[in-house]
Amino acid sequence: MIILGLTGSIGMGKTSAANQLRGLGIPVHDADDSVHRLLKKGGAAVPLVEKAFPGVVFGGVVERSRLGARVFGDPQALKTLENILHPLVRADERRFLQRANRQGKKIVALDIPLLFETHGDKRVDAVAVVTCPAFLQEQRVMARHGMTHGKLEVIRDRQMSDSEKRRRADFVIPTGSGRRRTLRMLQAAVAALRLAAPKRNRSSI
């Protein structure tokens with residue numbers, strides 16, 4: 001089974017690309033979706049987050065706005081949160097891979113925003129980086145509720161530059177020239193992966 005890592009900086013169109021991959025029959029594990037499940041009522045991260053950041057849980061649900069206010073701009077608090085969430089997301093990812101393995105899938109994708117920054121590229125066989133012009137990235141991000149230029153700069157500072165991600169990528173997927181072009185590039189990437197000899201034994205995952 002070949003594992004494709006899908007990544008890209010904020011506002012680059014990664015979510016749309018992931019949905020297009022699903023449309024091509026490629027199962028996708030979304031790290032952000034995993035975090036949402038972990039923080040909702042009954043999520044495994046809820047009691048751990050409440051212990052580390054008292055006052056952010058209401059009705060059994062982590063209020064993401066309150067949690068964000070506690071960790072935004074505080075590297076130590078952010079590191080504490082990451083130490084809680086990352087192992088849980090990785091465990092969810094392993095279950096996804098094991099399930100795909102049992103189902104005999106030939107290609108799967110891991111949608112990981114900070115793939116290179118967290119060395120996630122070491123556990124995938126190829127990397128697809130989504131990209132778009134900087135002006136379009138900023139337009140997309142600034143349209144999000146509660147986003148400010150200050151917040152965007154802090155996020156950018158945490159992320160590897162788009163140019164460096166593109167340099168490291170096996171596939172560069174543009175998202176600024178229309179969905180059809182993005183889809184064609186994803187189709188080409190999937191076709192190349194299907195032709196490649198599997199690099200991982202599915203029984204070993």
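General remarks:
- Anisotropy class of the stretch 41-155 from Cα gyration tensor, a/c 1.5 cut: oblate
- Modelled this way, with points 7 Å down the Cα-to-C-beta line, the labels at Glu153 and Leu78 are 1.4 nm from one another.
- For Lys41, the aspartates and glutamates whose Cα comes closer than 18 Å to its Cα, not counting residues fewer than 8 places off in the same chain, are Asp32, Asp33, Glu50, Glu63, Asp92.
- Long-range Cα-Cα pairs in the stretch 1-78 (distance over 19 Å), rounded percent: 51
- The stretch 62-104 and the stretch 157-191 have Cα centres spaced 24 Å apart.
- Calculated diffusion of the stretch 88-140, Stokes-Einstein form, Kirkwood radius summed over Cα pairs, 4 °C and 1.567 mPa s, µm²/s: 98
- The chain: C-alpha pair distances exceeding 28 Å, %: 31
- Only lysine pairs 8 or more places apart or on separate chains count here, and in the stretch 65-186 those with Cα atoms under 28 Å apart total 9.
Since every read-out is calculated from the coordinates, none of them should be taken as a lab result. Treat the numbers as computed from the prediction; the structure is a model and nothing was measured. A quick note on method: Cβ atoms are made from the backbone with ideal geometry, for glycine too, and the neighbour counts reach across all protein chains shown.
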